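Where a number appears in this text, it was derived from the coordinates with a stated rule and is not lab data. If you're wondering where the values come from, they're calculated on a predicted model, not measured in any experiment. Virtual Cβ from ideal backbone geometry, glycine too; neighbours counted across all protein chains shown.
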Amino acid sequence: MKTIAERIPVTVITGFLGAGKTTLLRHVLENAGGRRFAVLVNEFGSVGVDGGLLQGCGLASCRDEDIVELANGCICCTVADDFLPTMQALLDRDEKPDHVLIETSGVALPKPLIKAFDWPDIRARMTVDGVIAVVDAPAVADGRFADDPDAVEAQRQADEMLDHDNPLNEVYEDQLMAADIILLNKADLLEPSEIERLTAQIAGEVPRAVKIVPTVSGQLDVDAVLGLAAAAEDDLDARPSHHDAVDGEHEHDDFESFIVELPELSAPEPLLERLKTVTGDHPILRVKGHAAVAGKPMRLTVQGVGERLQHHYDRPWPANDPRRGQLVVIGLSGLDRAAIETAIRG
Ligand SMILES: Nc1nc2c(ncn2[C@@H]2O[C@H](COP(=O)(O)OP(=O)(O)OP(=O)(O)O)[C@@H](O)[C@H]2O)c(=O)[nH]1
């Protein structure tokens, strides 16, 4: 068996929907320091938006063939069917990557993924160098993941077996508990005193001492997050999960996603206004995708976390691609799909 130093290091980037994982990934690729990366992007939802955002970015460290999308759902549960063959194919390449970066979907639990690196075929040749948890600091400061202690107590009284039932909170905590380093991202949207308070709060929540670093758009010295040599696959017990008791099993119906198809728009602004309204009216956690705007040769990329929306023209529509938009909508299960579709299309 190869020593740790001879195995290909793998960095797992976890973090809730819209926390800034793709932004961090891009920053790492832009500051590759001569490393040859392979990138795996796992998305919740059947349209690969993040892979598309990275592809065609023009960076030498980020060739299109080095980006592999694992679309559709839960990386934790497709490990055997989807993930392991993908890793095997990477390892069988003539030009092996120096480092593998994996961006998990925002609702994925990272522990089953780390566990997959304990499989004999994989652990002989790869090691989890580190797990980076990207935290949407303003969302946490707003209490978006917090459990209401009274509600939890009421649930416990109603059902003794139930010890936790807030999917947002569970996913967020599992992601923190798996981390070797935590980035408090979107620090530009908070006061320094709030950053300090959050740092102390999170340090009190995680089971071991990990570095907590405020970042803006994931900008930090790449050497601070790569080369951690954590060998996380050997260290699973130090990374507790809400789902340990049932051996990694978890509900898949906590979150849902669907695609809204859009005809060509005459202008972007009305769509952005409608998106703002609809994300306020429904429990939508994330919207992202592309739209076609009449007279514009470039695709309009639109994405939002909560009611904060961003848009820009990213690249020309590929020849032969119909100029129609597609937006992925992700939220808690039970979204009123028909109403949301109607409201978005206007
Ligand atoms: N203000 C601010 N916005 C940020 C920062 N980092 C990322 N964003 C924005 O937040 C939004 C989400 O960023 P992404 O990098 O796509 O987040 P993600 O975690 O990859 O999202 P999912 O893959 O959908 O879970 C984008 O509109 C980013 O431009 C930051 O530090 N400050």
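Data for the structure
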read-out: Full-stretch length increase - ASP118, SER333 - with 0.36 nm per residue and alpha-carbon distance subtracted; value: 74.2 nm
read-out: Neighbour-count order for ASP336, ASP129, ASP94, fewest beta carbons within 10 angstrom listed first; value: ASP94, ASP336, ASP129
read-out: DSSP-assigned coil residues among GluC sites (Glu not before Pro) in the range 248-346, each with at most 14 further Cβ atoms within 10 Å; value: GLU249, GLU251, GLU264, GLU307
read-out: Stokes-Einstein D for the range 230-329, Kirkwood Rh over Cα pairs, 4 °C, 1.567 mPa s (µm²/s); value: 80 µm²/s
read-out: Point-to-point label distance, LYS276-ARG308, nm (Cα→Cβ direction, 7 Å offset); value: 1.5 nm
